[in-house]
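Where a number appears in this text, it was derived from the coordinates with a stated rule and is not lab data. Since this is a predicted model, take the numbers as computed values, not measurements. FYI the Cβ positions are ideal-geometry reconstructions off the backbone, even for glycines, and counts take in every protein chain you see.
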Amino acid sequence: MRSRVLLVTAAVALGGSARAQEIPPLKIIADQVRDQGHACTEARSVERDPVYSRPDEPVWILKCDNAAYRVRLVPGMAAAIERLGG
């Protein structure tokens, strides 16, 4: 019984850490958007865009209090940022 509990605990822990690594923190994406000259006074949420994402290249929707952006983070390069809405 104890080994079964440890196995379930390990599976939950691994699944949780994999999920945490999959979604970059809101602050990282908002800072990148700001660093590239876009307005984002207060970041509200970030979620993966399933339509534009690829398995090895996720795209994120960043919602700020004054704008929303589609953001593709590319290591070692500037992010591809598109303002959404009007």
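Numbers at a glance
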quantity: For the range 24-84, radius of gyration divided by Kirkwood radius, i.e. Rg to Rh on alpha-carbons; calculated: 0.92
quantity: Amide H within-cut-off set for Val59, under 5 Å, with H built and near neighbours excluded; calculated: Asp49, Ser53, Arg54
quantity: Label-reachable residues, the range 60-80, where backbone N falls under 18 Å from a point 7 Å from Thr41's Cα toward its Cβ; calculated: 63-69
quantity: Cβ-defined net charge surrounding Cys64, 11 Å radius [Lys, Arg +1; Asp, Glu -1]; calculated: +2
